[in-house]
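This report concerns only the one structure given below.
The numbers here are math on the coordinates, done by the rules we state, and not lab data. Keep in mind the model is a prediction, meaning the values are calculated, not measured. Don't worry about glycine lacking a Cβ; one is built from the backbone with ideal geometry, like all the others, and counts go over all protein chains shown.
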Amino acid sequence: MDVLLADDRAEVRSAIRLLLEQQRGVDVVAEAADLEQLMLALEATRPDVLLLDWELPGSRSDGRPTSHSRRLMALMRRLCPGMLIVVMSGAPEARGEAERCGADAFVSKAGPPEALLAVLA
């Protein structure tokens, strides 16, 4: 399974990459620190899974969840039909909004690593 990892914090991307590289059959094919990098990586790699930081810079107009988030999710789905979109956030209360915007799954960054792995299983 090819995974694209999108988070603005390098230390978060590094920790998740390290976790995923230990899993058989999982390849992190690209990383992105902002929306522009994410869109370029989606077009270039067409991953099976997108791990998306809900607070990724550029992914929201005015920093709040809005119809902009829904449009962005729809655009990503058109680029990569069938891609699993897993939203990650340090704010567990973001789950509902992420799911309403089209996320397939939600993982709290404060949760155990096993929670992320369970979503990918």
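Hey, how much of the P(r) for the chain falls beyond 19 Å, as a percent of Cα pairs?
Details: 2856 of 7260 pairs.
In whole percent, the long-distance tail amounts to 39.
For the stretch 68-111, what does the alpha-carbon gyration tensor say about shape, rounded, prolate or oblate, given a ≥ b ≥ c as the root eigenvalues, a/c under 1.5 as rounded, and a/b over b/c as prolate? Walk me through the numbers on the way to the answer.
On the way: a/c = 2.82, a/b = 1.76, b/c = 1.60.
It is prolate, given that a/c is not under 1.5 and a/b is the larger ratio.
Summing -39500 (n - 2.57) over the DSSP H runs of n ≥ 4 in the chain and dividing by its residue number, what mean residue ellipticity at 222 nm do you reach, to the nearest 500 deg cm²/dmol? All intermediate terms of the calculation are to be shown ahead of the outcome.
Details: 5 runs with 50 residues, N = 121.
Theoretical 222 nm ellipticity from helices: -12000 deg cm²/dmol.
Highest first, please rank the peptides 84-91, 45-52, 6-13 by the mean number of other Cβ atoms sitting within 10 Å of their residues.
Working: 84-91: 18.9, 45-52: 21.1, 6-13: 16.1.
Packing proxy ranking, top to bottom: 45-52, 84-91, 6-13.
What does the charge count near D48 come to, summing +1 for each Lys or Arg and -1 for each Asp or Glu among other residues with Cβ under 13 Å from its Cβ? Walk me through the intermediate numbers first.
Numbers: positive: R46; negative: D2, D27, D104.
After counting each charged neighbour, the total is -2.
Near M88, within a Cβ-to-Cβ distance under 10 Å, what is the net charge of the other residues, with Lys and Arg +1 and Asp and Glu -1? Numbers along the way, then the final one.
Values: positive: K109; negative: D7, D53, E55.
So the environment of M88 carries a net charge of -2.
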